[in-house]
Amino acid sequence: MNLLLIIIVVVAVVLLITGGFVQSLQFLLWVGIVLAVIAVILFIFRAITGRKDV
């Protein structure tokens, strides 16, 4: 019975850690998408205005 309890605790801890990583990775994914959209908008703006300076 103790072995079963230890296995359940280990699985619960692993699931908690994995859930935290997935949430943080999902947040970072959204940050990356927003930054990519901003970069595309700036690239299009530079292409339309014809600016060559950085």
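Numbers below:
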| read-out | value |
| --- | --- |
| Which numbered condition Ile41 fails, given (1) at pLDDT 85 or above; (2) surrounded by fewer than 10 Cβ atoms within 10 Å (Cβ to Cβ) | (2) |
| Residue satisfying condition, being part of a helix (DSSP H, G or I) and either surrounded by fewer than 10 Cβ atoms within 10 Å (Cβ to Cβ) or among the hydroxyl-bearing types (Ser, Thr, Tyr) (or both), within set Ala47, Ala36 | Ala47 |
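The values are calculated or read from the model by the stated rules, or taken from the named source; none is laboratory data. What you see is a predicted model; the values in this text were computed from it and never measured. Neighbour counts run over all protein chains shown; Cβ positions are idealised from the backbone, glycine included.
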